[in-house]
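Okay, structure first, notes after.
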Amino acid sequence: MSTTAQGPDQALMADLNHEITRHARLLHVLKTSMATLVPEGLDAAAFGLLITLVRGGPRRQGELAETCMLDPSTVSRYVAQLARAGYVERRPDPVDGRAVHLVASDAGEQVAHEIARRRLMVISEALSGWTPEDLGQFVVLMRRLNDDLDAFRPHVIATISGSPATEPAPPQADTPDRLPDPRTPDLENA
């Protein structure tokens, strides 16, 4: 990508913006199609939480909200649905007995793995013409894009309102107060 004194080439950034928007729409179509796998009475979005618990292990509800980048009240509603369906259990925190850890049940693990398997099957079929080198390069660049966008989140409001971001976003790799992202391409909530 070419860079000028003002930053990245604006035509390239416009093309990237278009492709990111198109990608978001296509993910929405994929998620809507995958929602047919979700049992009656559950929000399809709740399964992103379940998949995160299966992949990342037990955690407190607040940690789950932070990891999934969702509002705590939304997470509370989804967790209640998953618990009623028998996919999530509440257990005492082994360190602080007053707190509760959310844990995927055996049934929750089964359904999460099945949804992840089917999603991976769709993505694998759609990208079957890609070479392993193309896939590897794309994973590296997509991870970099996601990391940079995630690191920039604190500056979004200032940028939208026209105020320049005064500090560059800190790198995320070695930040001790952030939980590691437990999602993998086959087990993330897109």
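The values are calculated or read from the model by the stated rules, or taken from the named source; none is laboratory data. Worth saying up front: this structure is predicted, and the values here are computed from it rather than measured. Reconstructed Cβ throughout: ideal geometry from the backbone, glycine too, with neighbour counts over all protein chains shown. Accessible surface is based on the protein model in full, side chains and every heavy atom, while ligands, DNA and RNA are left aside. Shrake-Rupley method; radii C 1.70, N 1.55, O 1.52, S 1.80 Å.
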Would you kindly find the accessible area of residue 105, with a 1.4 Å probe and non-protein molecules such as ligands, DNA and RNA excluded, rounding to the nearest 10 Å²? 10
Round to the nearest 10 and report in Å² the accessible area of residue 156, as given by a 1.4 Å probe over the protein chains' heavy atoms. 60
Which trypsin sites (Lys or Arg not before Pro) does the range 26-128 hold that lie in a coil by DSSP with at most 16 other beta carbons within 10 Å? 60, 98
Per-residue accessible area, 1.4 Å probe, largest first, puts 106, 148, 43, 96 in the order 106, 148, 43, 96
For the full complex of protein chains and a 1.4 angstrom probe, list 69, 142 by accessible area with the highest value first. 69, 142
Given C-alpha coordinates of the range 29-77, what is the ratio Rg to Rh with the Kirkwood estimate of Rh? 0.98
Report the paramagnetic label zone for residue 138: residues of the range 18-56 whose backbone N is under 11 Å from a point 7 Å from Cα along the Cα-to-Cβ axis. none
Starting from the Cα of residue 161, step 7 Å along the direction of its Cβ; do the same at residue 124; then give the gap between the two resulting points in nm. 4.8
Kirkwood hydrodynamic radius of the range 31-114, Cα pairs, Å: 12.8
Taking the Cα-to-Cβ direction at residue 80 and at residue 153 and moving 7 Å from each Cα, how far apart do the two end points lie in nm? 2.4
